[in-house]
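Below you'll find the structure, written out as structure tokens, and then a few comments.
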Amino acid sequence: MSLVVFSGAIGSARGAAELNPKAITIQMPNDIKWRKGTGSESAVLVGDPSKPGLYITLQKWLPHNNSRPHFHPNDRYIYVLKGTWWVATGPKYDFASATPVPAGSYVTHYGKEIHYDGAKDEECILEIVGMGPATSTAAEEK
């Protein structure tokens, strides 16, 4: 019985209709182009964060990497896709006191408010939605 169901599933997958690219586009995981940074990787899904307008990016924080206090000019809307993301606020850097934000959580970074964030013992992946241009201004008190 299960063999018949399995064979039917394969047959129907092969017979899938072509999608109209004017109606829908799909990026499979291996098609997403990740750009390596220092301690992180990022991928642009929609728009261009350096230009005015909507953008959607993925941010992958590698274990034991984080940012320093900074702010952005516009609000950013962030969904934690994988791992635990660690966040903190204020100009004094103290990553040991960061708050854990587990996968499935939603966060808003308000424009012009100082924060810092990253990963501790595990990789975390975020989806970030915002309006460009997306800049970052250092704001750490030494």
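Structure data summary
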item	result
Kirkwood Rh, Cα atoms: Rg over Rh of the range 69-142	0.96
J(HN,Hα) series, the range 68-77, from Karplus relation 6.51 cos²θ - 1.76 cosθ + 1.60, nearest Hz, glycine and proline x	9, x, 7, 9, 10, x, 10, 4, 10, 10
Of 22/51; 92/142; 36/142; 36/60, those spanning more than 18 Å from alpha-carbon to alpha-carbon	22/51; 36/142
Residues of type aspartates and glutamates that residue 82 reaches as a straight line, Cα spacing below 16 Å, ignoring anything fewer than 8 places off in the same chain	41, 117, 121, 122, 123, 127
Difference of contour (0.36 nm per residue) and Cα-Cα distance, residue 31 to residue 94	19.0 nm
Most to least packed among 123-131, 67-75 [average Cβ atoms within 10 Å]	123-131, 67-75
Helix-only mean residue ellipticity at 222 nm for the chain, each DSSP H run of n ≥ 4 adding -39500 (n - 2.57), per residue, nearest 500	-3000 deg cm²/dmol
Tilt relative to the chain, helix 2-14 - C-alpha long axis, 0 to 90 degrees, to 10	80 degrees
Compactness of the chain, expressed as Rg and Dmax over alpha-carbon positions, Å	19.3, 68
Residues residue 24 and residue 138, FRET efficiency given R0 of 35 Å [Cβ-Cβ distance, rounded to 0.05]	0.30
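Here, each number is a calculation from the coordinates, and none is a lab measurement. All figures in this text were calculated on a predicted structure; none of them were measured in a lab. Cβ atoms come from the backbone with ideal geometry, glycine included; neighbour counts cover every protein chain shown.
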